Amino acid sequence: MRNKGAQSGFTLIELIAVMVILGILAAVIVPRIATLTSGAYESNVRSMFGVIKNEVNAQALKAAMSGGSTGHLETYPEIKDLTTNFALDEWVEDYETEYWSSFARDNIYTNDNKVDNDHALTSGVLFMYHPHGASGGVLWGGDAAGIDDPGTATSKEDIYWIFYAPITTTGGNTAGRDLDGYILAAFTDKGTMLDFEATFANGAVTEGAEAEIADIQWITP
């Protein structure tokens, strides 16, 4: 026969002990999960950075091989089509459309080394990584002009940017040719969210309110 005095279930002390253990586990594991997630996002940005870098180098080499107006010299590409996602569609064979967008803008990079006045200011391309879905209200330096919002969602978390622009280097200026180099830099979104605030001039990056991922920056000397 069952002992009616036998205890069933958990005691209060046991429940408290379980709750304490769960609290400790949460305090240790949750931050690590957040760190791992952030690392995965940055890894995706690094991968796209590599794809873009390989593509612009390949196009410069192609320009050198084909000759034409470049005279068999490496000339880095300048995006003139301002259509949203044009650069991604042209340069990236396969990308996740729900996570990546690209915008182009004329006269965004000050290029004092220019040889031809047409290249005193060059156009630039801004690649946006939005892992939680496309966001509406995207700005570039506080200005929405030239940007066609990729979506209507409003997530402002975990936004990353990659900026590309061809430049004329000091050596290029001396040799009398334009767009012999380029700048490629990646950032995490800071300051005013969904507003890319970094600026570029003559081979220098001014972060503004953004946080540059400095170890993958590429500026042709």
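Before moving on, here are some points about what is shown:
- Reachable lysines from K190, criterion Cα separation under 22 angstrom, eight or more residues apart if same chain: K156
- Neighbour net charge for A104 - beta-carbon separation under 10 angstrom, K R +1, D E -1: -1
- Considering all different alpha carbon pairs of the stretch 28-219, the Kirkwood hydrodynamic radius works out to 17.2 Å.
- When each of K62, K114 is scored by the number of other beta-carbon atoms lying within 10 Å, the sequence from fewest to most is K62, K114.
- Distance (nanometres) between label positions extended 7 Å along Cα→Cβ at H132 and E96: 1.5 nm
- Likely footprinting exposure, S66, S155, fewest C-beta neighbours within 10 Å first: S66, S155
- For K114, the lysines whose Cα comes closer than 21 Å to its Cα, not counting residues fewer than 8 places off in the same chain, are K80.
- Segment D215-T11, extension gain: residue separation times 0.36 nm, minus the distance between their alpha carbons: 68.0 nm
- With a cut-off of 14 Å between beta carbons, the residues surrounding D178 carry a summed charge of -4, where Lys and Arg count +1 and Asp and Glu -1.
- Charge sum, other residues only, whose C-beta stays under 12 Å from E207's C-beta, Lys/Arg counted +1 and Asp/Glu -1: -3
- Remark: relative contact order (the stretch 28-219) = 18 percent; criterion is Cα-Cα distance under 8 angstrom and separation of 6 or more residues.
Read the figures in this text as sums done on the coordinates, not as results from a lab. Note that the coordinates shown come from a computational prediction; the quantities given were computed from them, not determined experimentally. Cβ atoms come from the backbone with ideal geometry, glycine included; neighbour counts cover every protein chain shown.
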